[in-house]
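**Student:** Quick one: the structure is below, questions incoming.
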Amino acid sequence: MRKPLIAGNWKMNKRVGEAVETVKALVPLVAGITAADIVVCPTYTALHAVGQAVNGTNLQLGAQNCYLKESGAYTGEISPQMLRDVGCMWTIIGHSERRQYFSEADELLNEKLKFALSAGLKVMFCIGETLQERQSGKMNDVLERQVTRGLQGLTVSQLVETALAYEPVWAIGTGVNATPDQAQEAHAFIRGLARKQFGESVAAELRIQYGGSVKPDNAKELMMGPDLDGFLVGGASLKADSFAEIAKAAL
Ligand code: PGA
């Protein structure tokens, strides 16, 4: 059985004080949940303080991005080793905002993914089509390209440490979530791609999160899809109570 993975992507929100306040409110709301992995992903500047606040709890710490070198002349970048120093177990890689605003393409993301995994982080690797791609019938081609190129060269043991997050770009931050049927259909297709690329047992174990306007009132229904293994939550993860409700709906 795949253990649900629920992560809050706080994006460029919350300064250190607010981040610690949110996580302190979250800890008692999700205390005792061991049937799911629950991850919070604050900004870089809040990672250390939030890492201290989650220490000894069932919450795990994640970053939103990282670079593909350990150290050196890469102004403004952060390495996976540095993220581990402050207590990160996870990082997100390939979020559509990184692809769109920072021109991160499949090849670069594949390098980042492999490097983060080799440094001992677990990764939530994001994929998803735009509205235009969906409407013009290119959705499956786009997902196939993102999965095939994104996961290229990963070993089976690295895949165990990788989750995919299916986030249709048109559903992110819009309030328009994919319907449970749309989400399940995409997840089944993505699992099929993993099966083709890596075989049945890897595909059966691969966790695929859904992301895009997940809220307490749609989480339960979305989770009914047999290929949905949790959520990557943006806006609704900024408040402790709504994120906790989503986590509970995923159990
Ligand atoms: P949203 O964002 O929940 O605010 O739609 C999801 C994401 O970008 O991960």
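**Student:** Does residue 217 count as modelled with pLDDT of 95 or more and either open to solvent by 20 Å² or more (accessible area, probe 1.4 Å) or more than 12 Å from the chain's Cα centre (by Cα) (or both)?
**Tutor:** Judged against the criteria, residue 217 is a match.
**Student:** Where the second residue is among the aliphatic types (A, V, I, L, M) and open to solvent by less than 10 Å² (accessible area, probe 1.4 Å) and the first is part of a loop (DSSP other than H, G, I, E, B) and lies in segment 46-71, which pairs have Cβ atoms under 7 Å and are six or more apart or on separate chains?
**Tutor:** Short answer, once both residue conditions are applied: 58/30; 58/38; 64/92; 65/92; 65/93; 66/83; 66/116.
**Student:** Follow-up. Provide a single number: the residues in segment 221-251 that are more than 11 Å from the ligand (Cβ to nearest atom), among the aliphatic types (A, V, I, L, M), more than 19 Å from residue 168 (Cβ to Cβ) and out of contact with any Leu (no Cβ under 6 Å at 6 or more places or on another chain).
**Tutor:** Of the residues in segment 221-251, 3 are more than 11 Å from the ligand (Cβ to nearest atom), among the aliphatic types (A, V, I, L, M), more than 19 Å from residue 168 (Cβ to Cβ) and out of contact with any Leu (no Cβ under 6 Å at 6 or more places or on another chain).
**Student:** To continue, here is another question. In segment 191-220, how many are more than 16 Å from the ligand (Cβ to nearest atom), of a type in the set (A, V, I, L, M) and touching a helix residue (DSSP H, G or I) at 6+ places or on another chain (Cβ under 6 Å)?
**Tutor:** Adding up the residues that qualify gives 5.
**Student:** Looking only at segment 92-117, how many residues end up being free of Cβ contacts under 8 Å to residues at least 40 places away in the same chain and either in a helix (DSSP H, G or I) or within 16 Å of the ligand (Cβ to nearest atom) (or both)?
**Tutor:** 6
**Student:** May I pose another question? Give me the residue from segment 171-186 that is within 10 Å of the ligand (Cβ to nearest atom) and among the hydrophobic types (A, V, I, L, M, F, W, C) and, out of that set, surrounded by the fewest Cβ atoms within 10 Å (Cβ to Cβ).
**Tutor:** Ranking the qualifying residues of segment 171-186, first place goes to 176.
**Student:** Would you confirm whether or not segment 69-84 contains a residue that is within 16 Å of the ligand (Cβ to nearest atom) and out of contact with any Gly (no Cβ under 6 Å at 6 or more places or on another chain)?
**Tutor:** The answer is no, given that none of the residues of segment 69-84 is within 16 Å of the ligand (Cβ to nearest atom) and out of contact with any Gly (no Cβ under 6 Å at 6 or more places or on another chain).
**Student:** Here is a further query. Residues being within 14 Å of the ligand (Cβ to nearest atom) and within 24 Å of residue 66 (Cα to Cα): count how many of those fall in segment 130-170.
**Tutor:** 8
**Student:** Of the conditions (1) under 25 Å from residue 144 (Cβ atoms); (2) part of a helix (DSSP H, G or I); (3) among the charged types (D, E, K, R), residue 84 fails just one. Which one is it?
**Tutor:** Looking at each condition in turn, residue 84 falls short on (1).
The values are calculated or read from the model by the stated rules, or taken from the named source; none is laboratory data. Computed from a predicted structure; not experimentally measured. In this analysis, Cβ positions are derived from the backbone assuming ideal geometry, glycine residues included, and neighbour counts consider all displayed protein chains. In case anyone asks, the SASA skips ligands and DNA or RNA and just uses the protein heavy atoms, side chains included. Shrake-Rupley method; radii C 1.70, N 1.55, O 1.52, S 1.80 Å.
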